[in-house]
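Enquirer: Sharing a structure, written as structure tokens. Questions coming.
The values are calculated or read from the model by the stated rules, or taken from the named source; none is laboratory data. The structure displayed is predicted, hence computed values, not measured ones. Glycine gets a Cβ as well: all are built from the backbone with ideal geometry, and neighbour counts include every protein chain shown.
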Amino acid sequence: MTAPLRLGRFEWLTPPRNSLALLIVAPHPDDEVIGPGGRACLLAEEGVGAIVVTDGARGANGRSEPGLAAIREEESLAGLRAVGASFGWLLGLKSPALQADPVGAAADAIAAAIERFRPAVVVTTSPYERHPTHLATMRATLAAASRCPRPPRVEGFPVWDPVPGFDGVNEVEVGSVLERKLTAVRCHATQCADRPFDSTVRAQMERDGTLSELTGSGGARFVERFLDLSELVAPGAPTLRAWLTRRFEADLNTRLGNP
């Protein structure tokens, strides 16, 4: 596969395929399994691809160690193999460059992948993430999908910051593939050495499963949550600011009892 700028490194991890059930667009190596790794496991036989946008040269410990980006590439591919992904495309962009121009090279590459593989669903980091690279990746994905004549469904996943609310949220029960997802997270050994990512990810999924059960949507124990962003890539889409403002106002009305 080629992209407009021939970015980074593309690796088939299974025999090549022409379509995908799920395309993951992740900011850093590890986010592709921390967020939607369970859903990737569930859809692996139908086709899952992952784009990792930045090179991960700055690790969880805040240091940029020589050779770290190359190590993290291999960790990312190992994690994707663990969840059964068909390919990994490591764009290798620098975070400052992505933040400065999220609708440039990254969006071009994501749009090329959408056109080539026609994914049923594209997932990327949610607009509630606080990390600027996560937000830039979300913007790049929305820009790419909006260029398509028939945009795919786009959803946002949390990495560390929860997706609030219930409306427009897709809850996916991943208990049956829990250990596969945690194995994939542990493939990122350079990151897990400094932070207990695997146990933290497990706790997040259990928290969201408990929330799902208590709010009446069904007895799921381990859950991944995805926020529907499709309106943001449809013709005549609102701006992200307008969309978020409307969502915040609806939430306030619910909490305060306003009509």
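Enquirer: Quick one: in the stretch 85-114, of everything that is touching a helix residue (DSSP H, G or I) at 6+ places or on another chain (Cβ under 7 Å), within 11 Å of A50 (Cα to Cα) and not aliphatic (A, V, I, L, M), which residue is surrounded by the fewest Cβ atoms within 10 Å (Cβ to Cβ)?
Expert: W89
Enquirer: Moving on. Just to be sure, is A145 of a type in the set (G, A, S) and touching a strand residue (DSSP E or B) at 6+ places or on another chain (Cβ under 8 Å)?
Expert: On the way: of a type in the set (G, A, S): yes; touching a strand residue (DSSP E or B) at 6+ places or on another chain (Cβ under 8 Å): yes.
Answer is yes for this residue.
Enquirer: Could I ask something else about it? What number of residues within the stretch 188-224 are under 15 Å from G35 (Cβ atoms) and either within 18 Å of the chain's Cα centre (by Cα) or among the polar types (S, T, N, Q) (or both)? Give the derivation first.
Expert: In the first step, residues of the stretch 188-224 are kept if they are under 15 Å from G35 (Cβ atoms); the result is 188, 191, 197-198, 200-205, 207-208, 222-224.
After this cut, where a residue has to be either within 18 Å of the chain's Cα centre (by Cα) or among the polar types (S, T, N, Q) (or both) as well, the list is 188, 191, 197-198, 200-202, 204-205, 208, 222-224.
Here the count works out to 13.
Enquirer: With the checklist (1) surrounded by fewer than 22 Cβ atoms within 10 Å (Cβ to Cβ); (2) over 28 Å from A112 (Cα atoms) in hand, flag the one item V169 doesn't pass.
Expert: Going through the list (1) surrounded by fewer than 22 Cβ atoms within 10 Å (Cβ to Cβ); (2) over 28 Å from A112 (Cα atoms), V169 breaks only (2).
Enquirer: Go through the stretch 45-71 and count every residue that is within 21 Å of T141 (Cβ to Cβ) and either touching a Phe, Trp or Tyr at 6+ places or on another chain (Cβ under 7 Å) or at pLDDT 95 or above (or both). Before the answer, list the steps.
Expert: Filtering the stretch 45-71 down to residues within 21 Å of T141 (Cβ to Cβ) leaves 46-56.
Filter once more, so that each one left must be either touching a Phe, Trp or Tyr at 6+ places or on another chain (Cβ under 7 Å) or at pLDDT 95 or above (or both): 46-54.
Count: 9.
Enquirer: Out of everything in the stretch 34-54 that is touching a Lys or Arg at 6+ places or on another chain (Cβ under 8 Å) and over 16 Å from E155 (Cβ atoms), what residue ends up being surrounded by the most Cβ atoms within 10 Å (Cβ to Cβ)?
Expert: This residue is T54.
Enquirer: Check whether at least one residue in the stretch 151-169 is modelled with pLDDT of 95 or more, in a helix (DSSP H, G or I), under 30 Å from D55 (Cβ atoms) and among the acidic types (D, E), and report yes or no.
Expert: No, there is no match, as no residue in the stretch 151-169 is modelled with pLDDT of 95 or more, in a helix (DSSP H, G or I), under 30 Å from D55 (Cβ atoms) and among the acidic types (D, E).
Enquirer: Mind checking which residues of the stretch 211-243 are at pLDDT 90 or above, part of a helix (DSSP H, G or I) and closer than 28 Å to V174 by Cα?
Expert: Kept after step one, since they are at pLDDT 90 or above, are these residues of the stretch 211-243: 222-243.
Narrowing the set further to residues that are part of a helix (DSSP H, G or I) leaves 230-233, 240-243.
Those that are at pLDDT 90 or above, part of a helix (DSSP H, G or I) and closer than 28 Å to V174 by Cα: S230, E231, L232, V233.
Enquirer: Here's something else I'd like to know. Could you count how many residues in the stretch 118-138 are more than 19 Å from E224 (Cα to Cα) and in contact with a Ser or Thr (Cβ under 6 Å, 6 or more places away or on another chain)?
Expert: Number of matching residues: 3.
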